[in-house]
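Let me begin by presenting the structure, written as structure tokens, before commenting on it.
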Amino acid sequence: MVSLAGHRQQSSELPAIYLFTNNILVMIHQTQKTAITEFSREELSGWFEAKGMRGFRADQVMRWIYTRSAASFGEMTNIAKTVRESLDQAFSMGTMVPAVERKAVDGTRKFSFELKGGCRIESVLLGEKDHYTVCISTQAGCAMGCSFCMTAKSGLIRNLSPGEIIGQVMAARRLCADDRPLTNIVLMGMGEPLANFDNVLAALGIITDAENGMKFASRKITLSTVGIAPKIETLARQSKVRLAVSLNAPDNETRSRLMPISRTYPIEDILTACRAYNRLHRDRITFEYILIRDVNDAPAQARQLARLLSPIRGKVNLIPYNPHPGSPFERPYAGTIENFHNILIESHCTSMIRWSKGEDIDAACGQLAAGKIKAAAVEAR
């Protein structure tokens with residue numbers, strides 16, 4: 001059960017929220033309405049039952065929010081007016097509206113959302129040939145300290161709640177500009193998803209709920225991690241989403257220079273966790289490898305990477321480094337990128353070069369950073 005107590009403080013001005021926690025009914029007063037998207041099905045059902053209503057109302061409400069994209073409780077026409085009024089008194093809809101939107105020349109759109117407390121997060125909507133993919137954040141800022149990533153410069157501000165994670169997907173679905181559906185979700189935005197594990201798992205539960213939730217297929221969702229090895233194994237047991245591991249070097253010395261987490265979880269531990277993931281999931285693991293000039297792009301490193309990953313059922317996405325202001329790193333030359341890729345292929349390692357979209361609006365891999373939006377941004381209407 002995800003704790004929501006941090007969102008509520010005592011007051012006599014608004015109706016109480018009732019939650020079942022460890023089979024105990026708890027009454028919590030509010031100073032402001034809590035977003036209904038923060039509640040699991042079990043919590044919402046408990047609220048209805050505590051108010052003397054049937055718990056199945058939770059299913060009806062969730063279907064209106066997540067399947068029909070209702071904008072208000074008043075739209076829920078198969079629910080009695082008195083029930084809708086009770087909901088409106090107790091909850092907000094949790095709708096997230098971008099504070100700023102920017103659009104790249106390739107059609108990629110980046111949204112900045114202002115959250116409670118004044119912090120901002122960013123998410124990116126990527127247009128494909130016949131569908132959309134949304135890249136969402138799981139934390140405001142990030143504590144992982146990766147030297148090539150703009151988000152790391154802000155440090156960790158706070159974890160996102162389940163509703164704030166879900167809200168980005170709901171906003172993206174609402175903001176799709178044509179008849180292409182939003183079908184894919186990548187948890188590759190700001191933050192480390194496995195460092196906010198419980199809230200991420202709660203959000204994924206609603207996003208993938210085929211009956212009352214958003215009905216996304218687990219195989220269309222990819223979670224990217226820097227490699228928190230114990231959580232990779234836990235994720236394998238508790239979720240069916242696809243896994244991407246940000247590897248970026250074939251040896252611990254180089255990787256530790258780029259990613260401090262490698263000092264806690266060396267490559268050997270990560271690959272052990274990946275093998276455990278392979279045993280439970282048929283989907284291949286994606287290993288993300290950001291190519292940085294004269295750091296990790298040498299032919300010997302390509303051969304070492306191929307040997308390292310040969311026992312794992314996976315593939316390598318080579319991502320040429322996306323520069324950002326103040327960074328000491330540079331993108332490799334085109335010939336170096338191609339040569340690295342060819343060595344992997346010749347070594348029987350499945351690999352592809354992934355050119356990031358939205359680089360001109362700082363929406364590419366490693367460029368998301370709240371509060372760094374340029375003056376040229378277009379204010380969202």
Legend entry - Environment charge at Arg237 (Cβ cut-off 12 Å; Lys +1, Arg +1, Asp -1, Glu -1): +2
Inset, instruction - Would you please calculate the Kirkwood hydrodynamic radius of region 93-211 over all C-alpha pairs and express it in Å, rounded to one decimal? - result: 14.6
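List the equivalent ellipsoid semi-axes of region 40-134 in whole Å, largest first, each obtained as the square root of 5λ for an eigenvalue λ of the Cα gyration tensor.
On the way: eigenvalues 225, 52, 26 Å².
Here the semi-axes work out to 34, 16, 12 Å.
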Inset, instruction - Would you mind ranking Asp209, Asp297, Asp251 by Cβ crowding within 10 Å, fewest neighbours first? - result: Asp251, Asp209, Asp297
Legend entry - Amide H within-cut-off set for Asp209, under 5 Å, with H built and near neighbours excluded: Met214, Lys215, Phe216
Legend entry - Computed helical MRE - 222 nm, the chain, DSSP H runs ≥ 4 contributing -39500 (n - 2.57), nearest 500: -8500 deg cm²/dmol
Inset, instruction - Convert each backbone phi in region 161-178 into a coupling constant with the Karplus relation 6.51 cos²θ - 1.76 cosθ + 1.60 (shift: θ = phi - 60°), then list the ³J(HN,Hα) values in order as whole Hz, x for Gly and Pro. - result: 6, x, x, 6, 6, 4, x, 5, 5, 4, 5, 4, 4, 5, 9, 4, 8, 8
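Mind sorting Ser218, Ser40, Ser262, Ser246 by how few other Cβ atoms lie within 10 Å of their own Cβ, fewest first? List each step's numbers first, then the result.
Working: Ser218 16, Ser40 19, Ser262 24, Ser246 28.
So the residues, fewest neighbours to most, are Ser218, Ser40, Ser262, Ser246.
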Inset, instruction - With only Lys, Arg, Asp and Glu charged, each at its Cβ (+1 for the first two, -1 for the last two), find how big the charge dipole of the chain is about the Cα centre; round to the nearest 20 debye. - result: 440
Legend entry - Order of His341, His131, His348 - criterion: other Cβ atoms within 10 Å of each residue's Cβ, fewest first: His348, His131, His341
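For region 245-301, go through all pairs of different Cα atoms, get the mean of 1/r, take its inverse, and jot down that Kirkwood value in Å. Please report the intermediate quantities before stating the final value.
On the way: mean 1/r = 0.0819 Å⁻¹.
The Cα-based Kirkwood calculation yields 12.2 Å.
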Inset, instruction - Quick one: net charge around Arg41, please, counting Lys, Arg +1 and Asp, Glu -1 for every other residue with C-beta under 12 Å from its C-beta. - result: -3
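Using only alpha carbons, build the gyration tensor for region 213-349 and give me the equivalent ellipsoid semi-axes, biggest first, whole Å. Please report the intermediate quantities before stating the final value.
Working: eigenvalues 132, 54, 49 Å².
Here the semi-axes work out to 26, 16, 16 Å.
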Legend entry - Placed amide H near Ser92: partners under 5 Å, 5+ positions off or other chain: Thr34, Ala35, Ile36
Legend entry - Antiparallel DSSP beta bridges within the chain, percent to nearest 5: 50
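For region 292-361, what D do you get in µm² per second when you plug the Kirkwood radius from alpha-carbon pairs into Stokes-Einstein at 20 °C and 1.002 mPa s? Please report the intermediate quantities before stating the final value.
Working: Rh = 12.9 Å.
Estimated diffusion coefficient is 166 µm²/s.
Rule-based calculations on the coordinates, nothing more; no lab input. Keep in mind that what you see is a predicted model, and the values were worked out from it rather than measured. All Cβ positions, even for glycine, are placed from backbone atoms using ideal geometry, and neighbour counts span all protein chains on display.
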